[in-house]
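J.: Below: one structure in structure tokens.
The values are calculated or read from the model by the stated rules, or taken from the named source; none is laboratory data. Treat the numbers as computed from the prediction; the structure is a model and nothing was measured. As a convention, Cβ positions derive from the backbone with ideal geometry for all residues, glycine included, and neighbour counts pool all protein chains shown.
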Amino acid sequence: MRIDVVSIFPDYLAPLGLSLVGKAQTSGLLDIHVHDLRTWTRDRHHTIDDTPYGGGAGMVMKPEPWGEALDEIITLSGDTAAPQASADPAPGPVLVVTTPSGAPLTQPLAQQLAARSWLVVACGRYEGIDQRVIDHARTRMEVREVSIGDYVVSGGEVAALVLIEAVVRLLPGFMGNPDSLAEESHVRSALLEYPVYTKPPTWRGHEVPAVLLSGNHAKIADWRQEQARRRTAERRPDLLHPSQQVAPDNLGREAVIAPAELADAPEIWTLQRACWLQVAQTNVTLDLTPLTETLDDVRLSLRQWRTYVIRTHGRLVGSVRARLAEERWEIGRIMVAPDLQGRGLGRCLLDFAEELAPEEARSFAVLADSGGDENTRWYRKAGYRRAGPAGEPGALRFVKGRR
């Protein structure tokens, strides 16, 4: 594979000579060329940017140097410049423009690019490259505008390094042990990779899970699959198959559980008060902890509990929290917006919280509002039994053992 990288800071790409990428170049598997965009400027100051038409902050990279750079690079289409692999689905260069407004860099996209024999990577800076450069390039070659995440960095060079690393490690012969690619995050399934351990078996009071020392490969495989699914549910619920996402009827696939952030506290506080006003009517009292808590109390709870929320179309419509107390996994504040209750959101939140329980948890305990017989029946269907008052007004405790 040949890769040409165009940048105004070519030294930024020096890491491409290190580690496995560097070895791949030495072995002839990769042919990487880094070009200084200023080579194609025509003024004494080597100007590569100017003010944007229409006004606004920042500068825009000029089309002339980019156009000349691409003209010269793509004329290198001889056998020595861009060797065409027979498996290349569309011979010729692919222009990859690194930009925050591009399509996300995913493992499937990396696999597609790895199947090509020639990539030209354009590293944008400032407010970006004049759009006419991209539009004109599309008339001559395939163009991919790619983003490495929902954030902004100072320039496209760091994105180019990430993209090249993700692509070239998929080339046949790049990895010493190709099997090491098989079980990574985002490869065979949408699940994140399971946690990994090595020697010694005990380190600073932390033990390697016993199943990994058992020698029972079937149980180890099951454990790894479960850990991968649990990690994905906690960190990237958006990656789960729709059947595993929290997407009850009529809420759409946007309705997925995500970790709560401190900025969610005001909406959680509002939802909490709305839900417990219903409980107040049943108990004929406003002296309920969720109603007397302040916004600062809610912010503090986000630091003390693992809290998750459900949003749909930008609105926070549900929440749950959990934490480990000795060997008991405590679940609390299962809340669903009053206008969306009865659609299964509450049960989804409860099931999700149970799935997050660490291995050392031997039982579940739910602190719930005393919503009468209907509430008791709801928890009984989920396998819980009533364990009496919970130590605060209007609350009951429900418990069940862990299988």
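J.: Please indicate, with yes or no, whether at least one residue in the range 111-118 is touching a Gly at 6+ places or on another chain (Cβ under 6 Å) and at pLDDT 90 or above.
T.: No - not one qualifying residue is present in the range 111-118.
J.: Could I ask something else about it? Going through the range 136-152 one residue at a time, which ones are in contact with a strand residue (DSSP E or B) (Cβ under 8 Å, 6 or more places away or on another chain) and surrounded by 13 or more Cβ atoms within 10 Å (Cβ to Cβ)?
T.: Scanning the range 136-152 gives ALA137, MET141, GLU142, VAL143, ARG144, GLU145, VAL146, SER147, ILE148.
J.: Looking only at the range 120-135, which residues are assigned to a loop (DSSP other than H, G, I, E, B) and surrounded by fewer than 24 Cβ atoms within 10 Å (Cβ to Cβ)?
T.: TYR126, GLU127, GLY128, ASP130
J.: Of these, ALA361, ALA357, ALA322, ALA353, which one is closer than 28 Å to VAL208 by Cβ, touching a helix residue (DSSP H, G or I) at 6+ places or on another chain (Cβ under 6 Å) and either of a type outside the set (Ser, Thr, Tyr) or not assigned by TED's automatic domain parsing to the domain that holds GLU267 (or both)?
T.: ALA322
J.: Here is a further query. Sort out which residues of the range 26-51 are at pLDDT below 90 and either within 16 Å of GLY156 (Cβ to Cβ) or assigned to a helix (DSSP H, G or I) (or both), and write them in order of number.
T.: THR26, SER27
J.: Let me ask something else. Working only within the range 302-314, note down all residues that are touching a residue at least 24 places away in the same chain (Cβ under 8 Å) and surrounded by fewer than 20 Cβ atoms within 10 Å (Cβ to Cβ).
T.: LEU302, TRP305, ARG306, ARG311, HIS313
J.: To continue, here is another question. Run down VAL153, VAL158 and say which single residue is assigned by TED's automatic domain parsing to the domain that holds ILE8, assigned to a loop (DSSP other than H, G, I, E, B), closer than 23 Å to ALA57 by Cα and modelled with pLDDT of 90 or more.
T.: VAL153
J.: Another question about this same structure. Give me the residue from the range 219-274 that is within 21 Å of ARG321 (Cβ to Cβ), at pLDDT 70 or above and of a type in the set (Val, Ile, Thr) and, out of that set, surrounded by the fewest Cβ atoms within 10 Å (Cβ to Cβ).
T.: Top of the filtered list is THR270.
J.: Determine which single condition GLU374 fails, assuming it passes every other condition in (1) assigned to a strand (DSSP E or B); (2) loosely packed, with under 13 Cβ neighbours inside 10 Å; (3) not aromatic (Phe, Trp, Tyr).
T.: (1)
J.: Oh, and also: Can you pull out the residues in the range 10-54 that are closer than 15 Å to TYR126 by Cβ, touching a residue at least 40 places away in the same chain (Cβ under 8 Å) and surrounded by fewer than 17 Cβ atoms within 10 Å (Cβ to Cβ)?
T.: Within the range 10-54, PRO52 is the sole residue that qualifies.
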